[in-house]
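Read the structure below first, then the notes.
The values are calculated or read from the model by the stated rules, or taken from the named source; none is laboratory data. Everything numeric here is computed off the predicted structure, so don't read it as measured data. Here the Cβ positions follow ideal geometry from the backbone for every residue, glycine too, while neighbour counts run over all protein chains shown. Note: areas computed on protein heavy atoms with side chains; ligands, DNA, RNA excluded. Shrake-Rupley method; radii C 1.70, N 1.55, O 1.52, S 1.80 Å.
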Amino acid sequence: MAKTKSTPKTNTSGEELRAFYRQMLLIRRFEEKAGQLYGMGLIGGFCHLYIGQEAVVVGLEAVAREGDKRITSYRDHGHMLACGMDPKGVMAELTGRAGGYSKGKGGSMHMFSREKDFYGGHGIVGAQVPIGTGLAFADKYRGNDNVTFTYFGDGAANQGQVYESFNMAELWQLPVIYVIENNQYAMGTAVTRASSTPELYTRGEAFNIPGEQVDGMDVLAVRDAGRRAAEFVRAGKGPYILEMKTYRYRGHSMSDPAKYRTREEVQKVRAERDAIDHVRDLLLQGKHADEAALKEIDKEIKAVVNEAAEFARESPEPDLSELWSDIYAEAAGGAE
Amino acid sequence: MMATEILMPALSPTMEEGKLAKWLVKEGDKVAAGDILAEIETDKAVMEFEAVEDGVIGKLLVPEGAEGVAVSTPIALLLEEGESVDAASAPAPAPASTAPAPAPQESSAASAAPAAPEAPDDPQIPPGTEMRQTTVREALRDAMAEEMRRDEGVFLMGEEVAQYQGAYKVSQGLLDEFGARRVIDTPITEMGFAGLGVGAAFAGLRPVVEFMTFNFAMQAIDHIINSAAKTLYMSGGQMPCPIVFRGANGAAARVAAQHSQDYAAWYAHVPGLWVAQPYSAADAKGLLKSAIRSDNPVVFLENELMYGEAFEVPALDDYTIPFGKARIWREGTDVTLVSFGIGMKWALQAADALAGQGISAEVIDLRTLRPMDTATVIKSVQKTNRCVTVEEGWPVASIGNHISAVLMAEAFDWLDAPVLNVTGKDVPMPYAANLERHALVTAQEVVEAARAVAYR
Ligand SMILES: Cc1ncc(C[n+]2csc(CCOP(=O)(O)OP(=O)(O)O)c2C)c(N)n1
Ligand SMILES: [Mg+2]
């Protein structure tokens, strides 16, 4: 199967564009708020913001079906919001409160939702890749046509376990879509300084896994590529690789002084390739919405985010008994 | 809407105060969300601080250059366009913001940590040697730099060690001095570069492999144990592996279960490895130099929370500390406290508190866990007849368990009470602030254990 670079050619509707706009804006405003709460000392530890990469997860969720699974790294807030997890529960986890998705025990990097088929939130670079492959194994085992979206970064793409996973996934034709979010840096290391072959969509070649490079700042291009991948994978043809060319605007985590790139480089992407501005332009040009309507959406999103922040501040700290709970499962279960 | 106070931000997990290094805006400037307002120096780096909202800078409340500005101190007022400073400050003349300049000094004086406990005399330091206040971070860097100058075969490899100057700034300046041949940024491939380091060591080089933190060394533990620790034995003595695996170990602050673990007991378990976990800067330096010179594979466990702590380090050209020699930090007669690494902080604090309660504690820093200087511990217990061990790791199969067993076997007749082990709680590290506090060891727990064994 050939590796390809996709060319965006799409059709869409006002309704879809408005939904994309809303979802991407929710992620961005949520992350900005998280950054503020971190600055105020309400969020601690590591906090990795998704600002700039919103189109990737929003475009792919548009092709997900009931029962599809997703798993990612520590840069996970966007993925959770996009698959429909409650912003209140996510923000309260960031502040380490009882109302958080992990009751305050996991924090920014470790959140899960069985209900939304979100399998985390993993702090060890690359570890989610074989785990995502295992989620797909379970779908194949059960004989359904669900797929697993396994997200990882350009830096993670150099971990050995990624290639062990690729081999098994192709060998056993597992229904997994590997989404490489190539935001061009792994902490302070540019892709070209860490990867002998920086065209990451070709990384499945040796295993015969098809790969596509996609403009990850264009939500429609992402959606289309996702559709092709999902169709292929659901048809039982094995795994598929999508390399999303994207960009993170903020530092790696809150404590990254980001001296490895220039301010101008960031500003240029923001000005020329911003995913939200792009959809905004499509909405206005296509007369799917006017400025007033967009303002209205902005206001709604701001309210949702403020409400989440409010909840996250008011929610109590976990009860001390939580220190000792959830270490072991209560019942000894078997396979369903 | 009225003026918003811009507060001194927390810009790292461990930051409590910072320096307002530079204002990049002045009063009256219009700013948009995302514009850089100031450069702020944290405990690790100089960071740019961005506006989160649009507005006009009404007033700068903290002058450029102010040091020790506590997190959450108001540093500027942001106005809506058209609003005036007077109007803005009228409704809420926050008392905290009226005297911003003296406030930071006050807070830094108040929070100035009690000076690091003075280290006991070291016979290896000739009398009259100049002592320099040095942070653990600098001491580690100096040790590597000295050994790299001394031996062309020594090189440093790891994630972000070169251009970024180290994720925790431990390798600051090394790339400049030694160049990219000897200070090498790796991809994120721990198992790969740990194994590669082992190969280079077999071939006669002396790699120092940095793990950004030891949590990530779990990706590479097979090479540390199966390849590095066992090969000398398996080769009938032909194939030594002179390598150092170093990096931050243990809990940092609020980084949750996957990033907060103490591996002391794990590595101490393994024959063929040497394991160090220093507490003071002088020990960090002297032990790291010895580690690099050793023909054995060494696991060198540092601690992020200790990197910024300053201690006296002798200004000697070549200050090394042997493995397998504990250091007695404080002499005492009633109970022996044994610890290592950051655990020494709680042990020493506890000893202070115990002194106030009339209990005289002897405090021993093991410094290295393999080889371990149990002789010094036994000798101390023969005097005090009581022992409490202190460590951050989990209780099961801990270093404390081992010391208890050694004392039972070799000092049974001298013990007047069971040996107690103070450890981290037997749970994965939680993220929530209140739970994390309870998961970690406290000096108070050490005090209670010491009183229990002293029957007081
Ligand atoms: C095994 C492992 N090694 C190192 C780290 C420290 N670390 C956290 S994120 C990161 C960079 C990862 O970059 P990338 O995969 O590109 O993802 P991004 O942060 O850009 O989303 C590193 C080195 C880690 N968490 N786990
Ligand atoms: Mg990246």
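At 1.4 Å probe radius, can you tell me the per residue accessible area of segment B:131-254 in Å²?
The answer is 36 Å² per residue.
Charges only on Cβ, +1 for Lys and Arg, -1 for Asp and Glu: so what's the dipole of chain B about the Cα centre, in debye to the nearest 20?
The calculated dipole for chain B is roughly 1640 debye.
Under the 0.36 nm per residue contour assumption, what length would be gained going from the current alpha-carbon distance of B:ARG437 and B:ALA33 to full extension?
Fully extending the segment from B:ARG437 to B:ALA33 adds 141.9 nm.
Be a star and scan segment A:230-251 for residues whose amide nitrogen sits under 20 Å from the point 7 Å along the Cα-to-Cβ vector of B:VAL46.
Those under the cut-off are A:251.
Let me have the 222 nm mean residue ellipticity of the protein assembly as shown computed from DSSP H runs of 4+ only, each contributing -39500 (n - 2.57), with the sum over all residues rounded to the nearest 500.
It lands at -10500 deg cm²/dmol.
Rounded, prolate or oblate for chain A? Axes are the square roots of the Cα gyration tensor eigenvalues, ordered a ≥ b ≥ c, and the cut-off for rounded is a/c under 1.5.
rounded
Could you state the principal axis extents of the C-alpha atoms in segment A:115-220, from the largest down, to the nearest angstrom?
Over segment A:115-220, Cα extents along the principal axes are 42, 32, 31 Å.
Under a 1.4 Å probe, what is the accessible area of segment A:65-193 per residue, stated in Å²?
Result: 31 Å² per residue.
Determine, from the Cβ-Cβ distance of B:PHE412 and A:ARG263 and an R0 of 60 Å, the FRET efficiency 1/(1 + (r/R0)^6), rounded to the nearest 0.05.
That gives a FRET efficiency of 0.35.
Please go through the residue pairs A:LYS88/A:LYS116; A:LYS116/A:LYS295; A:LYS69/A:LYS116; B:LYS169/B:LYS345 and name each one whose alpha carbons sit more than 18 Å apart in this structure.
Long pairs (Cα-Cα over 18 Å): A:LYS116/A:LYS295; B:LYS169/B:LYS345.
At a Förster distance of 22 Å, what's the computed FRET efficiency of B:GLU53 paired with A:LYS299, Cβ-Cβ distance as r, to 0.05?
0.90
Hey, can you rank B:63-69, B:192-198 by average C-beta count inside 10 Å, highest first?
Order by mean packing, descending: B:192-198, B:63-69.
Pick from A:THR246, A:THR148, A:THR197: which residue has the top mean-square fluctuation in a GNM of chain A where Cα pairs under 10 Å get a spring?
A:THR197
Suppose we compare each residue of segment B:149-173 in its chain alone and in the full protein complex with a 1.4 Å probe; which ones drop by at least 30 Å² of accessible area?
Those are B:GLU160, B:GLN163, B:TYR164, which lose 30 Å² or more relative to the chain on its own.
Cβ neighbours within 10 Å, averaged per peptide: list A:266-273, A:53-60, B:387-394, B:18-25 in order, most packed at the top.
So the order, starting with the most tightly packed, is A:53-60, B:387-394, B:18-25, A:266-273.
What residues of segment B:379-410 lie in the reach of a label at B:TYR455, counting those whose backbone N is under 13 Å from a point 7 Å from the Cα along Cα→Cβ?
B:386
I'm checking a number: the convex hull volume of the Cα atoms of the protein assembly as shown, normalised per residue, in Å³. What is it?
181 Å³
Report the B-A buried area as the accessible area lost on both sides summed, probe 1.4 Å, in Å² to the nearest 100.
So the total buried area for this chain pair works out to about 4000 Å².
Going 7 Å from the Cα of B:GLN444 along its beta-carbon direction, which residues of segment A:316-330 have the amide nitrogen within less than 20 Å of the resulting point?
Residues A:317-324 qualify, since their backbone N sits under 20 Å from the label point.
Suppose R0 equals 22 Å. What FRET efficiency, 1/(1 + (r/R0)^6) with r the Cβ-Cβ distance, do B:GLU16 and B:MET131 give to the nearest 0.05?
After rounding, the FRET efficiency stands at 0.25.
Taking only protein heavy atoms and a 1.4 Å probe, what accessible area per residue, in Å², does segment B:327-453 have with all protein chains in place?
Spelled out: the 1.4 Å probe surface of segment B:327-453, per residue, equals 37 Å².
When you take every Cα atom in segment B:115-173, what is the radius of gyration, and what is Dmax, the widest Cα pair distance, in Å?
My reading of the Cα-based Rg and Dmax gives 14.6, 41 Å.
Using only the heavy atoms of the protein chains and a 1.4 Å probe, how would B:ASP121, A:ASP76, A:ASP215 rank by accessible area, largest first?
So the residues, ranked largest to smallest area, are B:ASP121, A:ASP215, A:ASP76.
DSSP H helices in chain A with Cα extent of 30 Å or more along the helix axis and mean Kyte-Doolittle hydropathy at least -0.5?
A:291-314
Considering amide H positions built from the backbone, and no H for Pro or chain starts, which residues 5 or more places from B:ALA38, or on another chain, come under 5 Å of its amide H?
Those lying under 5 Å, H to H, from B:ALA38 are B:LEU24, B:PHE49.
Convex hull over the alpha-carbon atoms of segment A:1-107: what's its volume per residue in Å³?
Taking the convex hull of the Cα positions in segment A:1-107, it is 141 Å³ per residue.
At a 1.4 Å probe, which residues in segment A:101-117 are at least 30 Å² less accessible with all protein chains present than in their chain isolated?
At a threshold of 30 Å² (probe 1.4 Å), the residues of segment A:101-117 that become less exposed are A:LYS105, A:MET109, A:HIS110.
In segment B:4-81, carbon and sulfur make up what percent of the accessible area (probe 1.4 Å)?
C and S fraction of accessible area: 46 percent.
Taking Rh as the Kirkwood radius computed over C-alpha pairs, what is the Stokes-Einstein D of chain B at 4 °C in a medium of viscosity 1.567 mPa s, expressed in µm² per second?
Here the translational diffusion coefficient equals 54 µm²/s.
Rounded to the nearest 10 degrees, what's the angle between the helix B:399-410 long axis and the longest principal axis of chain B, both from Cα atoms, 0 to 90?
Compared with the principal axis, the helix lies near 30 degrees.
How well do other chains shield peptide B:259-269, expressed as the mean number of their Cβ atoms within 10 Å of each residue Cβ?
Whole-number average of other-chain Cβ neighbours for B:259-269 is 1.
Give me the three principal axis extents of segment B:327-453 from the C-alpha atoms, as integers in angstrom, largest value leading.
43, 33, 24
From the C-alpha gyration tensor of segment B:131-314, pull out the three semi-axes of the equivalent ellipsoid (sqrt of 5λ each), sorted largest to smallest, in whole Å.
Three semi-axes, in Å: 23, 19, 16.
On a 0 to 90 degree scale, rounded to 10, what angle separates helix B:136-150 from the longest Cα axis of chain B?
Long axis of B:136-150 versus the principal axis of chain B: about 60 degrees.
For segment A:145-204, report the convex hull volume of the alpha-carbon atoms normalised per residue, in Å³, without decimals.
78 Å³
Share of segment B:327-453's accessible area from carbon and sulfur, percent, 1.4 Å?
Here it works out to 55 percent.
Summarise the partner chain shielding of B:436-443 as one whole number: the mean count of Cβ atoms from other chains within 10 Å of each residue's Cβ.
Neighbouring Cβ atoms belonging to other protein chains average 2 per residue here.
Roll a 1.4 angstrom probe over the protein heavy atoms and tell me the percent of accessible area of chain A that is carbon or sulfur.
51 percent
Have a look at segment B:178-218 and report residues whose accessible surface goes down by 30 Å² or more when the remaining protein chains are included, against the chain on its own, probe 1.4 Å, ligands and DNA/RNA excluded.
In segment B:178-218, residues shielded by partner chains: B:ASP185, B:PRO187, B:ILE188, B:THR189.
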